[in-house]
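The values are calculated or read from the model by the stated rules, or taken from the named source; none is laboratory data. No experiment lies behind these values; they were computed from the predicted model shown. Reconstructed Cβ throughout: ideal geometry from the backbone, glycine too, with neighbour counts over all protein chains shown. These area figures cover heavy atoms from the full protein model, side chains too; ligands, DNA and RNA do not enter into them. Shrake-Rupley method; radii C 1.70, N 1.55, O 1.52, S 1.80 Å.
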Amino acid sequence: MNPSVISAPDQPLPSAYPDVLLTVRVKELSERDRRRMLMHFLALGDSDRLLRFGTTLPDELITRYVQKLDFVRDTLFGVYDSDLRLIGVGHLAFAPRDALPTGADATTKERVAEFGLSVSESARGRGIGTKLFERAAIHCRNADVDTLYMHCLSSNRTMIRIARKAGMQIRRSYGEADAYLKLLPANPSSVMLEAVQEQVARFDYAYKANNRAAIKWLNSYLSGFK
């Protein structure tokens, strides 16, 4: 089986939501985002936890999962709404190449990457999952990783749909699915694209944070006249 190759070296993956995605800013997450990540995962219902983690994790295990996230080893991305709530989280986990599931084409690179994502129920249908995947694919290229794969339940229609749109090869077995994508090497355009996306996302986050702080100050100021 030969994984597909992203053939457009200077462009992100094609999107089915071009107009909407212009307003979706994907920001790389860090230690300071851990609390909001926990809030995001705890807000997922049982069916969504099953699709994201492969089992219905209780709150205590989700808390432990978030506490153990390694922001040095892995890369995480998020989409914030205007109230600074995380409405989408993408987890790009890096592993040695021998960790690639059986049946996938070999790679000469030292690492491969597995991608998982979750989107809040209220934010679905806006292409957030697709945008998170696009950002992860660009990051993999620039991190000298040429094989990106996803493992999920076969019933996870969102992940399967994203995989198909990206041209990934999908293998199904016993209610589970693995999808593989071969990536082109990094070039100056891909490096610049990721840098610009991150800069815009950070500006967007700062704008939302300042706007939220201004509203809170104004409400507090006005309450003094009551």
Exercise. Can you list the HN-Hα couplings for the stretch 70-75, worked out from phi with the Karplus curve (6.51, -1.76, 1.60; θ = phi - 60°), rounded to whole Hz and with x for Gly and Pro?
Worked result: 10, 7, 8, 6, 10, 10
Exercise. Taking square-rooted eigenvalues a ≥ b ≥ c of the alpha carbon gyration tensor, is the stretch 108-226 rounded, prolate or oblate, where a/c under 1.5 means rounded and, failing that, a/b exceeding b/c means prolate?
Worked result: oblate
Problem set entry | Nearest 10 degrees, 0 to 90: helix 188-223 Cα axis against the chain principal axis | 20
Problem set entry | Karplus-derived 3J(HN,Hα), 6.51/-1.76/1.60, for each residue of the stretch 48-61, Hz, glycine and proline x | 6, 5, 4, 5, 6, 10, x, 7, 7, 6, x, 4, 5, 6
Problem set entry | Of SER122, SER82, SER30, the one that fluctuates the most in a GNM where the chain has Cα springs shorter than 10 Å | SER122
Exercise. Looking only at the stretch 177-198, which residues have a backbone nitrogen under 11 Å from a spot 7 Å from the Cα of SER154 in the C-beta direction?
Worked result: 177-178
Exercise. With point charges of +1 on the Cβ of Lys and Arg and -1 on the Cβ of Asp and Glu, referenced to the Cα centre of the chain, which listed residue (ALA214, ALA163, THR107) lies farthest in the positive direction of the dipole?
Worked result: ALA214
Exercise. Once the piece of chain linking ALA206 and ALA143 is laid out straight, how much longer is it, given 0.36 nm per residue of separation minus the C-alpha distance between them?
Worked result: 20.1 nm
Exercise. Which distance in nm do the two modelled labels at ARG171 and ALA95 give, with both placed 7 Å along the Cα-to-Cβ direction?
Worked result: 1.3
Seminar exercise, completed: Checking the stretch 73-155 for GluC sites (Glu not before Pro) in a loop per DSSP with at most 10 other beta-carbon atoms within 10 Å yields GLU110
Seminar exercise, completed: For the stretch 141-147, Karplus-derived ³J(HN,Hα) couplings (6.51, -1.76, 1.60; θ = phi - 60°; whole Hz; x for glycine and proline) come out as 4, 6, 9, 6, 10, 10, 10
Exercise. Can you tell me the accessible area per residue over the chain, all protein chains present, probe 1.4 angstrom, in square angstrom?
Worked result: 55
Problem set entry | Dipole-positive endmost among ASN187, SER122, SER173 within the chain (Cβ charges, Cα centre) | SER122
For this session: State to the nearest 20 debye the size of the charge dipole of the stretch 76-188 about its Cα centre, where the only charges are +1 on K and R beta carbons and -1 on D and E beta carbons.
Result: 400
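Of the listed pairs LYS131/LYS165; LYS131/LYS182; LYS109/LYS182; LYS27/LYS208; LYS27/LYS216; LYS68/LYS109, which have alpha-carbon separations greater than 21 Å here?
As for pairs spanning more than 21 Å Cα to Cα, those are LYS27/LYS216; LYS68/LYS109.
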Exercise. With charges set only on the Cβ (+1 for Lys and Arg, -1 for Asp and Glu), what does the dipole of the chain come to about its Cα centre, in debye to the nearest 20?
Worked result: 580
Problem set entry | Carbon and sulfur %, accessible surface of the stretch 54-202 computed with the full protein complex present, 1.4 Å | 51
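Tell me, what is the FRET efficiency for MET39 and VAL191 to the nearest 0.05, using R0 = 35 angstrom and their Cβ-Cβ distance as r? All intermediate terms of the calculation are to be shown ahead of the outcome.
Numbers: r = 33 Å, r/R0 = 0.93.
Taking R0 as 35 Å, the efficiency between MET39 and VAL191 is 0.60.
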